[in-house]
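The values are calculated or read from the model by the stated rules, or taken from the named source; none is laboratory data. Since this is a predicted model, take the numbers as computed values, not measurements. Glycine also receives a Cβ, built like all others from the backbone with ideal geometry; neighbour counts cover every protein chain displayed. The protein model used for the area step is the full one, side chains on, heavy atoms only, and it has no ligands, DNA or RNA in it. Shrake-Rupley method; radii C 1.70, N 1.55, O 1.52, S 1.80 Å.
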Amino acid sequence: MALLQLSGVTKSYGDLHALYDVTLNVQAGEWVSVVGPSGSGKSTMMNIIGCLDSPTAGSVVLDGTDLATMSASRLTAVRRQTIGLIFQKFHLVSHLTAVENVMVAQYYHSVPERAEALVALERVGLRDRAHHLPSQLSGGEQQRVCIARALINYPQLVLADEPTGNLDEANEQLVLDFFRQLHADGTTLVVVTHDPVVAGLADRQIVLDHGRLVREIDNAAARR
Ligand code: ADP
Ligand code: MG
């Protein structure tokens with residue numbers, strides 16, 4: 001069974017369809033990239049999958065359960081335990097250090113555990129930056145803190161919205177190595193990107209245009 005099933009998902013703002021009748025299945029362990037011009041509905045789709053927003057019509061089924069049938073507290077639990085979110089804009093809390101920013105994610109999950117947050121930072125190569133504030137970190141380092149935060153609970157599904165958009169080449173490679181490792185570990189990945197090289201790393205690409213899913217490209221078949 002697919003881990004994620006979108007059926008006829010539409011998100012409308014008045015007359016504008018940010019997303020229109022999108023049907024998509026993502027298998028457990030699959031890596032899917034989402035591409036399309038600016039304004040085509042990529043972030044809208046990610047926010048709906050990430051339980052940050054709800055569709056105007058259609059359904060989203062995650063691991064067999066329709067999100068629309070979940071209570072608010074269940075949705076919160078899914079958002080905190082099943083899904084890891086990585087954004088282009090880092091959304092770090094400016095007055096908290098790196099390790100404290102990672103602990104914020106855990107705080108929602110259970111009891112914040114500094115040692116675990118430090119392990120997560122170690123995984124992204126930032127153990128020695130644990131006590132720096134975001135303003136004292138480079139863009140690449142801030143993105144790695146976000147990744148540590150997203151991965152601390154070992155989510156089944158990682159959603160990334162232009163995760164390498166602001167990064168230099170070296171940091172982009174670090175982030176992509178992370179995605180390769182997550183994929184190898186069986187994590188399901190949905191990654192929005194403008195970069196054809198990044199898009200090409202996935203098993204499959206879907207193309208959005210004016211809110212519609214207009215094309216799918218089977219990267220795995222293209223590589224064979
Ligand atoms: P992308 O991420 O592909 O650039 P978005 O999903 O952010 O596109 O936006 C898709 C469309 O929906 C755009 O036309 C955008 O202006 C519109 N949109 C997104 N969010 C809102 C909102 N909260 N209110 C009104 N329009 C919105
Ligand atoms: Mg966007």
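As a length-normalised measure over Cα pairs under 8 Å and 6 or more apart, the relative contact order of the chain settles at 28 percent.
Near T23: Cβ cut-off under 12 Å, other residues only, Lys/Arg at +1 and Asp/Glu at -1. The net charge is -1.
May I ask you to give the percent of accessible area on the chain that is carbon plus sulfur, with a probe radius of 1.4 Å? Numbers along the way, then the final one.
Details: 5270 of 10440 Å².
Roughly 50 percent of what the probe reaches on the chain is carbon or sulfur.
Tell me the angle of helix 72-81 to the major Cα principal axis of the chain, expressed in degrees between 0 and 90 and rounded to the nearest ten. Once rounded, one gets 60 degrees. By how many degrees, between 0 and 90 and to the nearest 10, does the Cα long axis of helix 98-109 differ from the longest principal axis of the chain? For helix 98-109, the angle is close to 50 degrees. Calculated mean residue ellipticity at 222 nm for the chain: -10500 deg cm²/dmol, from DSSP H runs with n ≥ 4 weighted as -39500 (n - 2.57), summed, divided by the residue count and rounded to 500. Compared with the rule-of-thumb size 2.2 N^0.38 Å for a compact globular protein, the chain has a Cα radius of gyration ratio of 1.00. Taking every protein chain into account, the accessible area of the chain amounts to 47 square angstrom per residue (probe 1.4 Å). A Förster distance of 45 Å, applied to the separation of the beta-carbon atoms of R74 and H95, puts the FRET efficiency at 0.90. If you plug the beta carbon distance of A115 and A28 into 1/(1 + (r/R0)^6) with R0 = 30 Å, you get a FRET efficiency near 0.50.
Compute the FRET efficiency between D185 and A220 as 1/(1 + (r/R0)^6), taking r as their Cβ-Cβ distance and R0 = 22 Å, and round to the nearest 0.05. Computed FRET efficiency for D185 and A220: 0.75.
Here the simple spin-label model places points 7 Å from the Cα toward Cβ, and for V104 and N166 these points are separated by 1.3 nm. When DSSP beta bridges are restricted to pairs lying wholly in the chain, around 55% turn out antiparallel. Summing Lys and Arg as +1 and Asp and Glu as -1 over all other residues whose Cβ lies under 12 Å from the Cβ of L174 gives a net charge of -2.
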